[in-house]
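Structure first, then comments.
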Amino acid sequence: MHTLLLVEDNEMNRDMLTRRLQRRGFDVLIAQDGLEGLQIAQNRLPDLILMDLSLPGVDGWEATRRLKADPNTRHIPVVALTAHAMAGDREKAIDAGCDDYDTKPIELSRLLEKIRRFLPEVG
């Protein structure tokens, strides 16, 4: 079973996505802000991180930069999840260290395809 870390401050988004991913066989760790996401990532080393970019305190861009600067977590793929869909937002996320980018509202089939690119053994 693969472990995903979902870093999302919106409770409704967090609950909905967690349930949908768990039904597909993922173990889902949850963080409500960037700092908590960093701590969980460093302690649990998930297989992949789904990172909301607009977070209170340490935002998703900064959390990703810190994860990618840490030799213990830099290997973990980070998929940015954001309502920001303006020109240049994808590039900004990639520049911060995100490995991929997906927009909200989340289309689960599209997100699962992105997850499969990083975890090919996922069915």
In the neighborhood of residue 90, defined by Cβ-to-Cβ distances under 13 Å, what is the net charge if each Lys or Arg adds +1 and each Asp or Glu adds -1?
-> -4
If the convex hull is drawn through the Cα atoms of the chain, its volume per residue in Å³ | 91 Å³
Could you give the length gained on full extension between residue 27 and residue 72, defined as 0.36 nm per residue of separation minus the Cα-Cα distance, in nm?
-> 14.2 nm
Cβ-placed point charges (K, R +1; D, E -1), dipole of the chain about Cα centre in debye, nearest 20 | 360 debye
Output ordering of 1-11, 106-116, 38-48 (per-residue mean of other Cβ within 10 Å, highest first) is 1-11, 38-48, 106-116
Highest to lowest packing among 12-25, 91-104, scored as the average C-beta count within 10 Å = 91-104, 12-25
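Values quoted throughout were computed directly from the atomic coordinates according to the rules given, and no laboratory measurement underlies them. Only a predicted model underlies this, so the values are computations on that prediction, with no experimental measurement involved. Here the Cβ is made from the backbone with ideal geometry for all residues, glycine too, and neighbour counts use every protein chain on show.
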